[in-house]
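The values are calculated or read from the model by the stated rules, or taken from the named source; none is laboratory data. Here the structure is a predicted model, which means the values were calculated and not measured. In this analysis, Cβ positions are derived from the backbone assuming ideal geometry, glycine residues included, and neighbour counts consider all displayed protein chains. Heavy atoms of the whole protein, side chains included, go into the accessibility calculation; ligands, DNA and RNA do not. Shrake-Rupley method; radii C 1.70, N 1.55, O 1.52, S 1.80 Å.
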Amino acid sequence: MSGPVPVPGTMKQASAAQDTSPASPPASPPAQPPVLWIFGYGSLVWRPDFACSDSHVGFVRGYSRRSCQGDTFHRGSDKMPGRVVTLLEDHEGCTWGVAYQVRDEQVSEALKYLHVREAELGGYDTKEVTFCPQDTPDQPLKALAYVATPQNPGYLGPALEGAIATQILACQGFSGHNLEYLLRLADFMQLCGPQARDEHLAAIVDAVGTMLPCFCPTKQALGLV
């Protein structure tokens, strides 16, 4: 059974009209969950105190760790500020620490907590660094680090290791004794292995070991160590 005969040209016109119809908008790619890496090189290596999804031990090149920042809350007081570490730019430097991965709601919670702990109470600013995991150093990732610069009012600047050790032995704050901070950081570095040698930190620990018996009785000294 034959159907109606099309009028010449109508099929072409219909096809053309179909071709010029507005195209459907491309589907939007699925939203990626927010992910942030946070690099810790001081007390964050043993006490991050925020939820994370993953963590890696590793290092950041181009920086050296130095005990140049004064601490009037965590490890010292207004009258006797303690000594804590910061990162100083150093072309040949390498600083070992821990990078923590935070995702989704962890991001805002971690940043809110660290803003109080590191910025408001510690005097630190944020800086982006390139972190190399210990197991996969050829796969670096960008991380956020909290760095104390000379522009903040708590900055003490460099000093001889013996002078730093004397100050550390005399100070304590709401988070504990300044000596505990030093020894926990030294313990972390030992766990990383000989490749993570920090000459500045080791010299302060050696100076403390020499001075410690003069600062407190033997039993108390052993308890701190």
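Results, tabulated for the structure shown:
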| quantity | calculated |
| --- | --- |
| Carbon/sulfur fraction of accessible area - segment 35-212, other protein chains in place, 1.4 Å, % | 52 |
| Binned Cα-Cα distance frequencies in segment 120-199 - 10 Å width, integer % | 14, 32, 41, 13, 0 |
| FRET efficiency, 1/(1 + (r/R0)^6) with R0 25 Å, evaluated for Asp54 and Ala163 via beta carbons | 0.05 |
| Gain in span if fully extended, Lys79 to Tyr113, counting 0.36 nm per residue against the direct Cα distance | 9.6 nm |
| Segment 35-212 - convex hull of alpha carbons, volume per residue in Å³ | 107 |
| Per residue accessible area in Å² of segment 35-212, where ligands, DNA and RNA are left out and the probe is 1.4 Å | 48 |
| Long-range Cα-Cα pairs in segment 27-139 (distance over 23 Å), rounded percent | 35 |
| Estimated inter-spin distance, Ala202 and Lys142, nm [label 7 Å along Cα→Cβ] | 3.5 |
| For segment 130-203 versus segment 62-114, the gap between their alpha-carbon centres in whole angstrom | 8 |
